[in-house]
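Read the structure below first, then the notes.
The values are calculated or read from the model by the stated rules, or taken from the named source; none is laboratory data. The model shown is predicted, which means the values in this text are computed figures rather than measured ones. Note that we place each Cβ from the backbone using ideal geometry, even for glycine, and neighbour counts take in every protein chain shown. Heads up: the accessible areas ignore ligands, DNA and RNA and are worked out on the full protein's heavy atoms, side chains in. Shrake-Rupley method; radii C 1.70, N 1.55, O 1.52, S 1.80 Å.
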Amino acid sequence: LRIEKQGRGGKTVTVIDRLPKNETFLKDLTTELKKKCGAGGTHRQEEFGIVEIQGDKRDLVRPLLAKRGYTVKG
């Protein structure tokens, strides 16, 4: 879990990476996080799954991921 600004026109994005590389899982997780955070976002697959949520939403995302059983660093 981290935030990024670089290469995004100065906008802040919360990035959740090292997720399972499964399209259905990523789509469902992204949809849930977007609704809970009240923000836009996207998902993509590279070496592993990545979910991006617009804005600094670390305080909202951390408990949601912990509730799903994930260990959150960052």
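Among the residues of segment 34-42, at least one is among the hydrophobic types (A, V, I, L, M, F, W, C) and touching a strand residue (DSSP E or B) at 6+ places or on another chain (Cβ under 6 Å).
Out of all the residues in segment 14-30, which are of a type in the set (Val, Ile, Thr) and open to solvent by less than 60 Å² (accessible area, probe 1.4 Å)? Hits for segment 14-30 are 14, 15, 16, 30.
Condition check ((1) buried (at least 16 other Cβ atoms within 10 Å of the Cβ); (2) under 13 Å from the mean Cα position of the chain (by Cα); (3) of a type outside the set (S, T, N, Q)) across all residues:
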| position | (1), (2), (3) |
| --- | --- |
| 12 | no, yes, no |
| 33 | yes, yes, yes |
| 42 | no, yes, no |
| 52 | yes, yes, yes |
| 60 | yes, yes, yes |
| 70 | no, yes, yes |
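Selection of strands (runs of 3 or more DSSP E) fully inside the chain by the criterion of at least 2 residues being in contact with a Phe, Trp or Tyr (Cβ under 9 Å, 6 or more places away or on another chain) and touching a residue at least 12 places away in the same chain (Cβ under 8 Å) returns 13-19.
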